[in-house]
Amino acid sequence: MLKNIEADAARDMLCALPVTCRTETAGLRDAPDRVLAEDVTARINTPPFDRSPFDGYAFRGEDTKNATREKPAVLKITEELPAGKAPTIKVTVGYAAKILTGAPIPEGANATIKYELTEFTKDEVRIFELVAPDSDIVRAGDDIRAGTHIAEKGAMITAPLVGILASQGIEHVAVYKKPVISILNTGTELTEVGQPLSPAMIYNSNVYTLSGYLRDMGAAPKNAGVVPDLPDAIADRISAALRESDMVVTTGGASVGDYDWAVTSAERLGAEVLFWKINMKPGGSIMAAVKDGKVILGLSGNPGAAVLGLLRIALPYVRKLCGRTDVMPPVIDVFLKEPLTKPSPKLRLLRGRLELSAGRAYFAENEGQSNGAVSSLFGCDLLGEIAAGSPPLPAGTIIKAYRI
Ligand SMILES: Nc1nc2c(c(=O)[nH]1)N[C@H]1C(S)=C(S)[C@@H](COP(=O)(O)OP(=O)(O)OC[C@H]3O[C@@H](n4cnc5c(N)ncnc54)[C@H](O)[C@@H]3O)O[C@H]1N2
Ligand code: MOO
């Protein structure tokens, strides 16, 4: 077991563990926020045919060569083409089809014009300017060309991607099954929400907070309940949770107190403890172990520290377990909006918000940075990182931050 290691080393050690992702098929309705388990290539052109971008007329551009306000080109109407109607008459010299937005361009036509720019009757249209051949036609495949690569295995299915799949007529896609991650909260003081609160007891909030973050990463969190601070009971409950999930997250008991059993319970159930304690604050009270290829992540009981440990250390592994290839969160450089008055002997994580002002990206620190605080996670979209050994920092210092 490695002890007191650096954050990057712990994150990378976890993320290097092999994962097995199972696949299933999802219909388009269920596909958003799932992870693609296959490469997707365009089967058809989108749009499938050359079409009109306007409500107007389709004709041969050459027919308007000498058109002026005084001497317009006068073209006879062949047929009317609303969207959804296949053309039946070829457009030849001196003819135009009345066409509506989205309708297929009839054979022979190579240009369109908006009807507002013309004068027209039911039988003919007058065009007062040159409309060059090949103008104002949306070509087949203009959006997506058949055969092009649309998305790769491991990509999250976002709203635009599901729209693209639909435009291709792709009804089902292979997705990764969401890994089930059981959350077991250890602590004799824990009371489930809905129960009355006795003296010295607190509500189990961690399961709710962590479920939300795990869900956002692409996993299926499962509440494995609470267990008192008894090492054998904790070990048994972790073993039971491991049987029905792909990973187990515990909270509490990750520190050095007389009732802190995260490491002991993992060892008692026969897991190999990879590391315990990280040189970072908050969230440094963290343990990771592996049993039969499944990870047991022991987070701090302190709600703020638990989330920061999950985000900074385990997020890439969890995303990998979900089948995602974008495992690392985006990192940006930001200016500290307010000074940081404390030195940072260890790597320090700060909960804050991205603020944009006068073309600059600022890190605005949220109030309440203690390891027990859950309130400062509210509205937190940026995790600032101050390198170990940094002195107090003035406003305007550039720091690194993770977008979460
Ligand atoms: N002597 C030392 N004491 C502590 C150290 C240390 O280095 N030496 N580290 C401190 C730090 S930093 C942290 S973080 C905590 C970590 O403690 P544990 O992981 O052992 O967590 P607990 O002691 O079980 O609980 C801490 C805190 O969080 C509350 N809690 C626990 N579970 C939940 C839950 N499910 N929902 C909401 N709140 C929860 C618990 O009641 C405690 O208040 O250790 C420090 N001590
Ligand atoms: O070790 Mo605690 O997890 O820093 O806040």
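The values are calculated or read from the model by the stated rules, or taken from the named source; none is laboratory data. Everything numeric in this text was worked out from a predicted model, so none of it was measured. We place every Cβ from the backbone using ideal geometry, glycine too, and count neighbours over all the protein chains shown.
Residues of the stretch 247-260 that are touching a helix residue (DSSP H, G or I) at 6+ places or on another chain (Cβ under 6 Å) and away from ligand 2 (no atom under 16 Å from the Cβ): Val248 alone. Could you please let me know if Gly212 is at negative phi, without any contact (Cβ under 8 Å) to a residue 24 or more places away in the chain and within 12 Å of ligand 1 (Cβ to nearest atom)? So Gly212 does not fit the description; no.
The residues on offer are Val273, Val263, and the sole one that is closer than 15 Å to Pro231 by Cβ, within 16 Å of ligand 2 (Cβ to nearest atom) and over 27 Å from the mean Cα position of the chain (by Cα) is Val263. Screening Val93 on (1) out of contact with any Pro (no Cβ under 8 Å at 6 or more places or on another chain); (2) closer than 17 Å to Asp136 by Cα shows it passes everything except condition (2).
Return yes when Gly323 is in contact (Cβ under 8 Å) with a residue 24 or more places away in the chain, more than 14 Å from ligand 2 (Cβ to nearest atom) and small (Gly, Ala, Ser) and no when it is not.
For Gly323, the condition - in contact (Cβ under 8 Å) with a residue 24 or more places away in the chain, more than 14 Å from ligand 2 (Cβ to nearest atom) and small (Gly, Ala, Ser) - is met.
Inclusion of Glu171 among residues that are over 21 Å from the mean Cα position of the chain (by Cα) and not assigned by TED's automatic domain parsing to the domain that holds Ala314 is warranted.
Exactly one residue out of Gly309, Gly352 is away from ligand 1 (no atom under 16 Å from the Cβ) and either touching a strand residue (DSSP E or B) at 6+ places or on another chain (Cβ under 7 Å) or assigned by TED's automatic domain parsing to the domain that holds Ile399 (or both): that is Gly352.
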